[in-house]
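Scroll down for the structure; my scribbles are underneath it.
The values are calculated or read from the model by the stated rules, or taken from the named source; none is laboratory data. Note that the coordinates shown come from a computational prediction; the quantities given were computed from them, not determined experimentally. Cβ placement follows ideal geometry from the backbone for every residue including glycine, while neighbour counts extend to all protein chains displayed. Note: areas computed on protein heavy atoms with side chains; ligands, DNA, RNA excluded. Shrake-Rupley method; radii C 1.70, N 1.55, O 1.52, S 1.80 Å.
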Amino acid sequence: MLRIAVPNKGSLSDRASAMLREAGYQQRKEAKELVLVDPGNAVEFFYLRPRDIAVYVSSGRLDLGITGRDLLVESGANAEEVLALGFGRSTFRYAVKPGWARDTADFDGLTIATSYEGIVAKHLAASGIQASVVHLDGAVETAIELGVAQVVADVVETGTSLRNAGLEVLGEPVMESEAVVIRRPGADAGSQEAKARQFLRRLKGVLVAGAYVMMDYDCRAEDLEGAVALTPGLEAPTVSPLHNEGWVAVRAMVPAAEAQRIMDDLYELGARAILTTAIHACRL
C-alpha cells in the first residue's frame, strides 16, 4: 500500500483531511485514530505530528506526507516539496520593538528568539548576519519584554499577537509557507510510483475544481466569437446549436474568481441564461 503521513492536529489537520476526502480517500472519524487503511484505494494513512512528518518521509518509511513548507525547511530532512496545496498560508517574519532597528542588517551581535531555529539559522547565514539564536517552544513574542532576546522570529498569520505584545514586523518575509505534499528525492523510481502519481493527480484535480466553475450560457451565433474570447475554456468551449435558429449554447470552465465579471461582460454582449455550477472533481 501507498503510505502517507497526514497532520494529526493543528491548523493543517482538518483542511488536509477535508481535501483528501474530496479526492476520494477515506479519512479517520475520531481524532484518536493514528492509522487508517483505505483498502479501496490501496492507501494507508498515518496521523503524525506535523513537525515530524518530513523526518518520517525522508527516512523512506513513508512514501508521501502533507506538512507545512516552514516545517519542511525547519526539519532539515532530506525531503522535497512536490505539490503546494493552497491552504494553511502564513509568512515567517522578524519582529522588534518599534523604532529599535531599521532592517535585518542591524541584527549583528543580537539574540533572536524563535521556535524555528533551522529557518532562522539558514536565513542568517545566507544574509551574512552574525547573531545568536535561542530556542523557545512557544509564545516567542514575550521574549523581548522578558529580556531573553532583542528580536523574535515567528510564523505570522494576522500579526495580532505581535501587535498585542507591542512589536512590529521588520523587513521582507523570511519565507512564505503553506501546506505542501512532500516526498523523498529519488523516490519516484520506486514500485509505488504509479499510486503516488495517482494520488498527486487527484489532489491537483481538487485544486483545479476549487479554482474554476463551469459556465453555461446562450448567445447569438453572430456574437459567438466575442463570447468565446471571454470564455476560452481550457482547450476550447463546447458549442451546441439551439432549437431557435441563429442561437447557440456554450459551456466552458472559467476561473471562479473572475466568474461574476465574465457574466457581466457576457450579458452586455447579448448572452442570456448565464449560469455557473461548482466543479467537485476533475482531471486535466
Everything considered on the Cα gyration tensor (a ≥ b ≥ c; rounded for a/c under 1.5, else prolate if a/b is larger than b/c, else oblate), region 31-92 must be described as prolate
Most positive-pole-ward Cα, Ala18, Ala196, Thr111, against dipole of the chain from beta carbon charges: Ala196
When DSSP assigns beta bridges and you keep just the ones with both residues in region 1-116, what percent turn out antiparallel, to the nearest 5? 35 percent
With each run of n ≥ 4 DSSP H residues scored as -39500 (n - 2.57), what mean residue ellipticity at 222 nm is computed for the chain after dividing by its residue count and rounding to the nearest 500 deg cm²/dmol? -8500 deg cm²/dmol
Net charge dipole size for the chain [Lys, Arg +1 and Asp, Glu -1 on Cβ; Debye, nearest 20]: 1060 debye
Going by accessible area, probe 1.4 Å, with all protein chains left in place, what is the ranking of His135, His280, His243, largest first? His243, His280, His135
Please state the equivalent ellipsoid semi-axes for region 90-154: what are the square roots of 5 times the Cα gyration tensor eigenvalues, largest first, in whole Å? 16, 14, 11
Under the 7 Å Cα-to-Cβ spin-label approximation, Glu222 and Ala31 lie apart by a distance in nanometres of 6.4 nm
Whole-percent carbon and sulfur contribution to the accessible surface of region 5-66 (1.4 Å, no ligands, DNA or RNA) stands at 49 percent
So how compact is region 7-117: Cα radius of gyration and Dmax in angstrom? 17.8, 59
For the pair Cys282/Gln130, report the inter-label distance in nm, with labels modelled 7 Å from Cα in the Cβ direction. 5.5 nm
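Taking the Cα centre of region 1-61 as origin, sum charge times position over the Cβ atoms of Lys and Arg (+1) and Asp and Glu (-1), and report the length of that vector in debye to the nearest 20.
With Lys and Arg at +1 and Asp and Glu at -1, about 180 debye.
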I want the antiparallel fraction of DSSP beta bridges within the chain, as a percent rounded to 5. 75 percent
Of Asp106, Asp216, Asp14, ordered by accessible area with the largest first and a 1.4 Å probe, the sequence is Asp14, Asp106, Asp216
Take Leu275, project a point 7 Å from its Cα along the Cβ direction, then tell me which residues of region 220-250 have their backbone nitrogen under 14 Å from it. 250
Which listed residue (Leu242, Val254, Leu36) has the Cα farthest towards the positive end of the charge dipole for the chain, taking +1 on Lys and Arg C-beta and -1 on Asp and Glu C-beta about the Cα centre? Leu36
Normalised alpha carbon radius of gyration of the chain [divisor 2.2 N^0.38 Å]: 1.30
Computed magnitude of the charge dipole of region 116-188 (debye, nearest 20; Cβ of K, R +1, Cβ of D, E -1): 240 debye
Given a Förster radius of 41 Å and the C-beta distance between Asp14 and Leu242 as r, what FRET efficiency does 1/(1 + (r/R0)^6) yield to the nearest 0.05? 0.35
